[in-house]
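Let me begin by presenting the structure, written as structure tokens, before commenting on it.
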């Protein structure tokens, strides 16, 4: 069940305000739907020549994992209890990732980015994700583990 104070949909600015990714690195364009188990977002940034993940040869398919990770981050933020900040997290691993294309920059129309929470607790969450085109042709799919509330080691200065 969604929180009564959380929005049902969001535009790019609303998404950017809720995830740690800033500027052009915020890749998602719209929150379409979500509930306690799943999230569906769209994105058109894959077609931009200044996409921050783009290489000299284009936007390679593994960039779809970052689109899915941002949807997972948004999902976690939307699930945070009212008045509490979302749990800090990072993508710890991906498994069984399959790609239906070599590059994303040739995909026409909006990417459909979906993630479904399979299990989790206060320390980690397991999601399955898929990224497809507007006709639901599979572009990427797999599973991801997000580790929550784990402080990163502090840098130590050399003696």
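Laboratory data are not the source of any read-out in this text; all were calculated from the coordinates shown. Source: prediction; values computed, not measured.
Relative contact order of the chain: 22 percent, from C-alpha pairs under 8 Å at least 6 residues apart in sequence.
A Gaussian network model of the chain, with springs between Cα atoms under 10 Å, assigns the largest mean-square fluctuation among 68, 144, 88 to 88. Between residue 97 and residue 22, full extension at 0.36 nm per residue minus the direct alpha carbon distance yields a gain of 24.4 nm. For region 1-56, the Cα-based Rg and Dmax, in that order, read 12.8, 45 Å. Computed over region 10-148, the P(r) curve from all C-alpha pair distances, binned at 10 Å from the origin, holds 13, 46, 34, 7, 0 percent per bin.
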